[in-house]
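Only one structure is covered here, and it is reproduced in the block below.
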Amino acid sequence: MIETSSPPVAPVFAVKKRRLRFLGLTVDDTIRAFFGGNALVAVIVLALITVFLFREGFGFFAQNRTNLEVYRRAGLEYVDFIRRQTDDHTALTRYLSDVRLRQLKLLTEQEKKSLDEANAALAPFDAFAEQFSATVDPLRALMAELTEQATALKTKFAVTEDRKVERHQLLAEGKTAEATAVKIDAVDFATELLPLRAALPAYKETSREFSRKLVTLLDATPVLPAAELLPRMERLKQLTRDYLAGFPAIEQAMEAWDYKEPVPAWQTFTSFLFGRQWLTASFWQDWYGILPLLIGSLLVSLVALAFAVPLGVGAAIYVNQIASVREQKLIKPCIEFISAFPSVVLGFFGIAVLGQALRAASQISWLSWVPGFPYSERLNILTAGCLLAVIAVPTIFTLAEDALNNVPRAFKEASYALGASRLQTILRIIVPASLSGIISAVLLGLGRVVGETMVVLLCAGNRIAIPDFTQGLSVVTEPVHTMTGIIAQEMGEVVRGSIHYRALFVVGLVLFVLSLLINFLAQKIVRRYRISIG
Amino acid sequence: MVIATPEIMETRRAAPASASPPSAGKDTIVDIDHVDFFYGATQALNDITLAIEAKKVTAFIGPSGCGKSTLLRCLNRMNDLIEGTRVARGTIKIHGVDIYEPDVDVIELRKRVGMVFQKSNPFPKSIYENITYGLRLQGRSDKAKLDEVVEKSLRGAALWDEVKDRLHASGLGLSGGQQQRLCIARAIAVEPQIILMDEPCSALDPVATAKVEELIQELRSRFTIIIVTHNMQQAARCSDRTAFFYLGRLIEYADTRNIFTNPANPQTEAYVSGRFG
Amino acid sequence: MSTVSHIFRTPPGGVRRGERMVFWLFRGATYFVLLCGATVFLNIVIKGSHTVFKAEAPFINTTFLTQAPESLYIFEWEGKKREMGDREFRAFKEQNPAAAKVETESYVYSAGGIWPCIVGTVLLVVGSMTIALALGVSAAIYLNEYARDGAFIRFVRLAILNLAGVPSIVFGLFGFGMFVIYFGWNVSLLAGWFTLAFMVLPVVITASEESLKSVPKGFREGSLALGATKWQTIRKNVLPYALPGILTSSILGIARVAGETAPIMFTAAYVVRDKLPWDVEKFGDFFFQGVMALPYHIYVVSSKIPQNDYTERVQYGTAFVFLLLVALIATASIVLRSRLRNRYKW
Ligand SMILES: Nc1ncnc2c1ncn2[C@@H]1O[C@H](COP(=O)(O)OP(=O)(O)OP(=O)(O)O)[C@@H](O)[C@H]1O
Ligand SMILES: [Mg+2]
């Protein structure tokens, strides 16, 4: 401490200065705090994204529960027992018409019959098919009647709910008189459901009659003109018998059905996460099951990666290890340039060129060994996957190249010194040493592809259904819809605050969580890799 | 190499006591008192006590890694910039002010304690701007005054004649030795009281080194200079007092003449005569 | 002639040939990627240039670049096939009243031009990049100059990394939920700016940090040793040398901002809008108006109208202009960056 007892001369070493302070902070502290605040923005944005996805999406689960509850209370679930029964029958008739198609093909192509002749030969079969499909008609009529009743009940309930909201709003605005004027009829499900339930004996009657007819029909199957298809006919018989065997169970279920049975809370989650239908704005019942979208997203991404991983990693190995310096200088900027292609332009290219081109290629006869070829849907998983590969390749390439670059030179030199060839060094030393980097590159590529919107929206075909996996790999030629695509497509058209609107936010939330998960995995793998090197 | 600890302890107590009593001398400007210094968990300085006299050149010598730079950077608190560093014990006083007191403003401190680095680091600006940088920071923008300071500092750094025609050319266009002298000129432009030099000549050829040494001789009348060097001859030629460090401890501190002709400590002798390790 | 057989001789055939074949496989993969990129690029450039350029002076289709989109009408008139834009057709009908009854085929957006879309895209890019640069550079300054390693900083870096992986459509949802609905900004430039800015923030921060890192430590130490405060050091002796690097690397961010469709779909873009953005009554309204944007326009014209010879012109034309814009930005970034690498070596 200096003793400032003799102040006339300024102290020789005046390093104690009081700087301007505001709220205890100097100017420099304030600037630092300002920059620190900006660094926080990333954290804040991430938090805000979470908050707003939850804020808009969370109500979905409560609303969906109500949705499911009404489905039960208004008897829609009850009617759906019969609906499923008729739908299964429709599937059988579809099988029949498939058999007819194959026969026709056999007759015209192999036996060189004219179309008329072939049709004539198929006449007994047609008669049978017609009878077969007609058996369901009485049941269908009954169902139509019940459908009407249930829908009416549901509408009534919806109107009541709307009124309640209206009155609530009026009350909130202080308009008491108007509020009391809003008439609300309580819906008494028990009495309203009586006619529906009273139809049970009629149903049993119809169903049994239906069953009897089918049994008699099965005994009188026509002789097929083409013997090759006999096994298919047998299969139909077997399917029909199985179908018939299920009838008593349906009856029992309908008898046991209770409209009052509560819908457990977990069902709103499971019906979302494992629901196999995404059906909106339907006259009957809306379903919000993410499964078809999730599967669509994953399938498209997998196809994209199937192309992008070999190409991206291969190109990275080539550029990093094999290519000359001049080639490197040429290829790297080019791939960087490809990464700048806007996805909507790629999507447009898919619609305008690639979709057609791939379909044309699929119809070339010597390519017919490729699973799924030939196909007729222009826009499908394959088209979208190919274009997404164009997006994923630069990401994978750049990151994988970085990983290869990070392998210490000493490894390579040591390997050469032991007499390994270039290829051996690359495959046994360099690639394994950078493997975790490459894997995380692939994961980040996957993240990029799963989150991509425009390409799948334009090129994936937008059919909301779980594709048919029974044909093996040819599943890639089917159209699908994706999580990103559905948000982009439906967000603009939904009513704010409706269950559909909230469902889209929940899909967004799933997407968000998925991307965080992929990122997390990639980072984890990279971190492991750092430790192993050094 | 293993050193017998008692011997060192003895030397440490003996040497400074014989040279100058701590914080007593009238012309003591820097007074380092029992300082321990840590980089995180590793201790770089161990119980250093040293009094540096005003208007003299003091040289720090010692083998690599013994803590010379660390001590030097303690004097203008450049070590504050490195994470996890702390002066764990002891005080460093300049003009009687403990520079590690919380109310000391490092900015004011650094204005008064200038520094020249091992690797010359002129800013990629013109020579003129390099020199006026410090003054402009203090808010001086009076052109005439700045011109005057530029000339004075460049003359002070013996660089004026070489660059007077290209004051507005980039400082990076100078030769290595000129760059280092530019850095010295930049440091003296803000009129510090003490100039710290960390191996200022290590990257220079003998001719440039000679010039810088000459410069140091000229500057000694106006500034207190502390110089770290690996070059024994340089220390012998241009310093008044020399401190020898080893493994984070001060081994011997005395008049340069004594250190080089008649060292009290055998290690010092071994080091200065090049028979070390 | 018999050469001496020594042990260092290249082994015959087999191994080497296999190696060379594998190398060719890798080379094939690389050039296949480039080929795919070139195919897409050339297809759009060649077909699009029919719309954007023309044979006679001034060689550029100014209508397409300077007018708003219109519907296209196609009809037979006096035995000839005529094509007209909306306005032209209306004028034509006034002149020839008989034309009112003629049977027409019409396609929306297929005539006129894309001027409002270009304007909208430029506005979106400029605004969002300004915000992103301000936020991103500040954040990078903190991370690189002030922050000391610790749990907080690791957390911030983690957040930045994760933000970089969030799908753009999720940013769109977020922007919609927060700016459009919660803040009540509706579909507006402002909402689009912030949504896009947050989306490129990680890119800008990473680029800025890298540039700051490349400024040598000596500049900072030298300045601090002369008694500069931290902020003076940064402002006078760090930022000026980092700024070119920051800007060039951020251009890649610009390409990303310009190219994204999903985030602006529900926050800033309109399918059609008659007024140009500067047609506002009050200055404040400027920020609260939606705009047309090139990427969204491409989406609209390629998904909402049928594909045929008439609509193809506008589809390819728009894609061409957009791709060229983005490609120019990207090329500028790549070239500038390699220049910069060569120039600054301290
Ligand atoms: N930033 C740092 N972090 C951790 N330890 C450090 C740091 N800087 C120096 N050290 C350690 O402190 C000790 C003293 O280092 P210092 O740089 O002071 O040595 P020096 O005497 O200047 O050596 P030289 O002659 O090689 O410059 C050394 O053991 C060194 O490893
Ligand atoms: Mg040193």
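The values are calculated or read from the model by the stated rules, or taken from the named source; none is laboratory data. All of these numbers come straight from a predicted model, not from anything done at the bench. For neighbour counting, all protein chains shown are included, and Cβ atoms are generated from backbone atoms with ideal geometry for every residue, glycine included.
With respect to being surrounded by 14 or more Cβ atoms within 10 Å (Cβ to Cβ), in contact (Cβ under 8 Å) with a residue 40 or more places away in the chain and more than 30 Å from A:Ala220 (Cα to Cα), A:Thr135 falls outside the description. Taking the listed residues A:Gly347, A:Gly296, the one that is more than 9 Å from chain C (Cβ to nearest Cβ), modelled with pLDDT of 90 or more and part of a helix (DSSP H, G or I) is A:Gly296, with no other qualifying. Could you tell me how many of the residues in the range C:297-335 are more than 8 Å from chain A (Cβ to nearest Cβ) and either under 16 Å from C:Ser110 (Cα atoms) or touching a residue at least 40 places away in the same chain (Cβ under 8 Å) (or both)? Number of matching residues: 20.
Tally the residues that are touching an Asp or Glu at 6+ places or on another chain (Cβ under 6 Å) and of a type in the set (A, V, I, L, M), restricting the search to the range B:228-263. The total comes to 1.
Would you check if there is a residue in the range B:238-245 being assigned to a loop (DSSP other than H, G, I, E, B) and within 16 Å of ligand 2 (Cβ to nearest atom)? Checked the range B:238-245: no residue is assigned to a loop (DSSP other than H, G, I, E, B) and within 16 Å of ligand 2 (Cβ to nearest atom). Those helices (runs of 4 or more DSSP H) of the range C:212-263 in which 2 or more residues are within 28 Å of C:Val200 (Cα to Cα) and more than 12 Å from chain B (Cβ to nearest Cβ) occupy C:239-259.
For the range B:137-156, the condition of being of a type in the set (A, V, I, L, M, F, W, C), under 23 Å from B:Leu109 (Cβ atoms) and within 16 Å of ligand 2 (Cβ to nearest atom) holds for none of the residues. Screening the range B:107-123 for residues that are surrounded by fewer than 19 Cβ atoms within 10 Å (Cβ to Cβ) and either closer than 16 Å to B:Ala189 by Cα or facing another protein chain (nearest Cβ under 9 Å) (or both) and picking the one that is nearest to the chain's Cα centre (by Cα) gives B:Lys119. Counting only strands (runs of 3 or more DSSP E) that sit completely within the range B:30-99, those holding 1 or more residues that are in contact with a Lys or Arg (Cβ under 7 Å, 6 or more places away or on another chain) correspond to B:42-53, B:57-61. Of C:Gln315, C:Gln307, all but one fail to be farther than 30 Å from B:Ser170 by Cβ and in a loop (DSSP other than H, G, I, E, B); the exception is C:Gln307. Figure legend. Inter-residue proximity from the range B:190-204: first residues farther than 27 Å from B:Ser141 by Cα, second residues assigned to a strand (DSSP E or B) and more than 13 Å from ligand 1 (Cβ to nearest atom), beta-carbon distance below 6 Å, spacing 6+ or different chains. Indicated pairs: B:Met197/B:Val116; B:Pro200/B:Val116.
Of all residue pairs spaced 6 or more apart or on separate chains, those with beta-carbon atoms under 9 Å, a first member in the range B:64-80 that is at negative phi and a second member that is polar (S, T, N, Q) and within 12 Å of ligand 2 (Cβ to nearest atom) are B:Lys68/B:Thr229; B:Ser69/B:Gln118; B:Asn79/B:Thr70. Meeting the requirement of 3 or more residues that are without any contact (Cβ under 8 Å) to a residue 60 or more places away in the chain, farther than 18 Å from A:Val475 by Cβ and not assigned by TED's automatic domain parsing to the domain that holds A:Ser474, the helices (runs of 4 or more DSSP H) wholly within the range A:354-460 are A:355-362. Go through the residues of the range A:71-91 one by one and say whether even a single one is out of contact with any strand residue (DSSP E or B) (no Cβ under 9 Å at 6 or more places or on another chain) and over 29 Å from A:Leu193 (Cα atoms). Yes, the conditions are met somewhere in the range A:71-91. The residue list B:Leu45, B:Leu72 contains one member that is within 14 Å of chain C (Cβ to nearest Cβ), within 14 Å of ligand 1 (Cβ to nearest atom) and either aliphatic (A, V, I, L, M) or surrounded by fewer than 20 Cβ atoms within 10 Å (Cβ to Cβ) (or both), which is B:Leu72. Taken over the range B:81-97, the residue count meeting the criterion of being closer than 24 Å to B:Gly134 by Cα and either within 16 Å of ligand 2 (Cβ to nearest atom) or surrounded by fewer than 17 Cβ atoms within 10 Å (Cβ to Cβ) (or both) is 2.
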